[in-house]
1. If you check ASP284 against the conditions, is it of a type outside the set (S, T, N, Q) and farther than 19 Å from ARG152 by Cβ?
2. Please go through segment 261-283 and give me each residue that is part of a helix (DSSP H, G or I) and either surrounded by 15 or more Cβ atoms within 10 Å (Cβ to Cβ) or in contact with a Leu (Cβ under 7 Å, 6 or more places away or on another chain) (or both), ordered by number.
3. Step by step: first the residues of segment 134-159, then only those that are of a type in the set (D, E, K, R) and touching a residue at least 12 places away in the same chain (Cβ under 8 Å), then the one that is surrounded by the most Cβ atoms within 10 Å (Cβ to Cβ). Which residue is that?
4. Hey, does segment 14-33 have a residue that's at pLDDT 95 or above, of a type in the set (D, E, K, R) and open to solvent by less than 30 Å² (accessible area, probe 1.4 Å)?
5. Quick one: GLY79 ticks every box in (1) surrounded by fewer than 24 Cβ atoms within 10 Å (Cβ to Cβ); (2) part of a loop (DSSP other than H, G, I, E, B); (3) not aliphatic (A, V, I, L, M) except a single one, so which number is it?
6. Pairs under 6 Å by beta carbon, first residue closer than 19 Å to ILE150 by Cα and without any contact (Cβ under 8 Å) to a residue 24 or more places away in the chain in segment 250-273, partner aromatic (Phe, Trp, Tyr) and surrounded by 12 or more Cβ atoms within 10 Å (Cβ to Cβ), six or more apart or different chains?
7. Of all residues in segment 98-133, count the ones that are open to solvent by less than 30 Å² (accessible area, probe 1.4 Å) and either among the aromatic types (Phe, Trp, Tyr) or under 25 Å from ARG60 (Cβ atoms) (or both).
8. ARG183: open to solvent by 30 Å² or more (accessible area, probe 1.4 Å), part of a helix (DSSP H, G or I) and modelled with pLDDT under 95, yes or no?
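The values are calculated or read from the model by the stated rules, or taken from the named source; none is laboratory data. This one's a predicted model, so the numbers in the text were calculated from it and none came from an experiment. As a convention, Cβ positions derive from the backbone with ideal geometry for all residues, glycine included, and neighbour counts pool all protein chains shown. Surface accessibility is based on the protein's heavy atoms, side chains included, excluding ligands, DNA and RNA. Shrake-Rupley method; radii C 1.70, N 1.55, O 1.52, S 1.80 Å.
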Amino acid sequence: MAIMTNTESSIRIPGTSRHFLDPAAGSRDQGQGRLRYLAGGSGAPLVLLHTVRTQAEHFRHLIPLVQQRYTVYALDLPGMGYSQIVPGASYEEPAMRAAVKRLLTQLDLRDVTLLGESMGATLALTTAADLPDRVRRVVAVNAYDYPGGIARSSLLARLIVTGVIAPGVGPILAGLEPKTVMRTILTGGLVDPAALREDYLDELLNVGRRPGYPTVARAVYRNLPSLAAARARYPEVTAPVHLVYGEKDWSRPSDRQATRRQLPRAEFTQVPNAGHFITLERPDVPASLLNAVA
């Protein structure tokens, strides 16, 4: 039986409302359970995809900048945020991509712009490869498609992630998230630590206390290599792509060049004095790119 708890976020984004997408009866979607998403605005559809250990509210500062030109859909990926936690569910890249595709197909969204950050950027690109008739454009922010990733954030992050995925002690560590440790790990993805607002940090910690969430966290971290493997799908993307990287992102120049080789026609922007979480730190940058082509 799936585990459900409180479905209310403490953070409100003006002009949006929460919704839930139930799996179709008898479909494979049962393995993902019920998906939560935020929706609001007007115009062509824009789907926002968050990264590891975050949720739809990750885009709280970006949404107000684009909702006059787009109808925004910000998804909680399976098991994350307030989407349903289904015991035994897969968190490999194909399973998470299937949830994104489910949002597009069940809501019958067309002419879609996909914007993802980190893990969400990789999912945006592979979803575009699978659904070329629905996807108009992809904005991939700091695509997480290389080994290492969050472990490059800091020594503490490397130790925590290594411990969380380890057998034996892993489940215990996954259930322990001291606020100071969580703050240190997340600010390792920022040039300006003040971009991590206290209420957002509290929200993430509250979500982390959902029954079953430590199991989700372990599974997501264990399956991060599947994101690197997914880069092989990029040449299948036919929609226009804009790659965005923070100057201080965790990716190395060689990682970025490897992605650009897979997407030779993609536009490229490097954001000075920005880290991995650009939508927290510089939401004006992706907003300008989106509004310019709305």
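1. Details: of a type outside the set (S, T, N, Q): yes; farther than 19 Å from ARG152 by Cβ: yes.
Yes, satisfied.
2. Keep residues of segment 261-283 that are part of a helix (DSSP H, G or I), which gives 261-262, 278-281.
Within segment 261-283, GLN262, ILE278, THR279, LEU280, GLU281 qualify.
3. ASP145
4. No - not one qualifying residue is present in segment 14-33.
5. (1)
6. ARG256/TYR245
7. Residues in segment 98-133 being open to solvent by less than 30 Å² (accessible area, probe 1.4 Å) and either among the aromatic types (Phe, Trp, Tyr) or under 25 Å from ARG60 (Cβ atoms) (or both): 22 in total.
8. Taking the combined requirement at face value, the residue satisfies it.
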